[in-house]
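Everything below concerns the one structure shown next.
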Amino acid sequence: MNIDSKGLEILSQRAMVDVSHLLRSSHLKQLSNILYDNEATENDKFVAITLLKNANIASGKILPSCQDTGTAICMGKKGHLVLTDGDDNIHISKGI
């Protein structure tokens with residue numbers, strides 16, 4: 001299977017948007033559960049509600065959930081039947 005290098009760029013760009021703005025529903029549920037946990041402290045609940053508010057804002061894809069600057073570390077694997085032009089790291093970096 002031949003994969004166009006532009007596809008790697010688009011895939012990595014979309015992945016970065018998702019990682020920066022969206023949390024898994026299971027994680028959101030865990031945060032929500034803290035609000036109803038009788039053993040959770042007021043501080044636990046404050047942190048949980050703050051994280052949920054932040055997740056709500058981030059899901060609008062205007063501001064990311066974490067606004068720290070940093071380095072994106074990517075790892076990709078492809079099978080021996082997947083062919084690209086050989087410059088995968090360049091195309092993935094463009095997407096990021």
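The values are calculated or read from the model by the stated rules, or taken from the named source; none is laboratory data. Only a predicted model underlies this, so the values are computations on that prediction, with no experimental measurement involved. Neighbour counts run over all protein chains shown; Cβ positions are idealised from the backbone, glycine included.
A few comments on the model shown:
- Residue that is nearest to SER26 (Cα to Cα) [pool: residues in the range 76-96 that are outside any helix (DSSP H, G or I) and of a type in the set (Val, Ile, Thr)]: ILE96
- In the range 38-75, the residues that are surrounded by fewer than 11 Cβ atoms within 10 Å (Cβ to Cβ) and either in a loop (DSSP other than H, G, I, E, B) or modelled with pLDDT under 90 (or both): ASN38, GLU39, THR41, GLY60, ILE62, GLN67, ASP68, THR69, GLY70, THR71, ILE73, MET75
- Single residue of the range 6-44 satisfying the filter (hydroxyl-bearing (Ser, Thr, Tyr) and within 22 Å of the chain's Cα centre (by Cα)) that is nearest to CYS66 (Cα to Cα): SER20
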